[in-house]
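This report refers to the structure that appears directly beneath it.
The values are calculated or read from the model by the stated rules, or taken from the named source; none is laboratory data. Keep in mind it's a predicted model, so treat the numbers as computed, not measured. Neighbour counts run over all protein chains shown; Cβ positions are idealised from the backbone, glycine included. Ligands, DNA and RNA are stripped out before the accessible areas are found, and what is left, the full protein with its side chains, is counted by its heavy atoms. Shrake-Rupley method; radii C 1.70, N 1.55, O 1.52, S 1.80 Å.
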Amino acid sequence: MNVTIDLPQRPNLTDRVARVATELFAPTVLTGAMPIVIGIQSAATARLGLAWGLMAALFCSVFPRCVVWLGVRRGQLTDRHVGLREQRRAPMVWGLLSVLGGLAVLIGFGAPRPLTALVVATFAIGLTLTAVNLVWKISVHAAVAAGSAAVLVSVFGPPLLLLAVPVVALIGWSRIRLRDHTPAQVLAGTGAGLVISMPIFLVLA
């Protein structure tokens, strides 16, 4: 009698690249890094900017990430990227409340205007995605990546497009490659990030 044992297949190189891109540029990573970059760039000194940036990152990234981590640990969420649309509402609402709290702290203590503008844009993107998510799964990865790219280009100039465009495209491709989103969901997320973040940031900063 012959017994066949099916060994688990290792992901190919393309899938590994997609997974690395998805993890490296996850929304919580970008919303944690962006306040630090903008804080340092906009404050009177790098040390003060770092302090402001870390405070903003605490509310925009760390607290929301803890909510998701607890949800996964308790079995309420399937994974840290919250792949099921039906599970996204509660973490997104808690994330919005956290960002709103951070915004109140930044305004109350007189944070640099560009940093405050970034957090307002972050809240606006989150609010839009939360509303869309009620009826349709939209790519948060793509929205946050595109919004971050728009802000960075606004601050550091058009030459940054040479880096920003390929990175945003890579992130969108990774979400499609891993079958976490359809092309339409990625395009919608990218468009939302661009349309929301750039006008808000330019007006408020």
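Summary table below
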| item | result |
| --- | --- |
| Of all accessible heavy-atom area on the chain, the percent that carbon and sulfur account for (1.4 Å) | 69 |
| Chain lengthening between THR14 and VAL195 when straightened (0.36 nm per residue, less Cα-Cα) | 62.1 nm |
| Accessible area of segment 142-205 divided out per residue, in Å², using a probe of 1.4 angstrom | 48 |
| Value of [θ]222 nm, deg cm²/dmol, for the chain, DSSP H segments ≥ 4, -39500 (n - 2.57) each, nearest 500 | -24000 deg cm²/dmol |
| Rel. contact order, % - alpha carbon contacts under 8 angstrom, at least six apart, the chain | 25 |
| Where N is the number of residues in segment 45-203, Cα Rg divided by 2.2 N^0.38 Å | 1.04 |
| Whole-number Å³ per residue for the convex hull built on Cα positions in segment 50-103 | 68 |
| Inter-label distance for THR182 and LEU58, nm, one decimal - labels placed 7 Å from Cα along Cα-to-Cβ | 4.2 |
| Segment ALA46-ARG73, length gained on full extension (0.36 nm per residue, minus Cα span) | 6.0 nm |
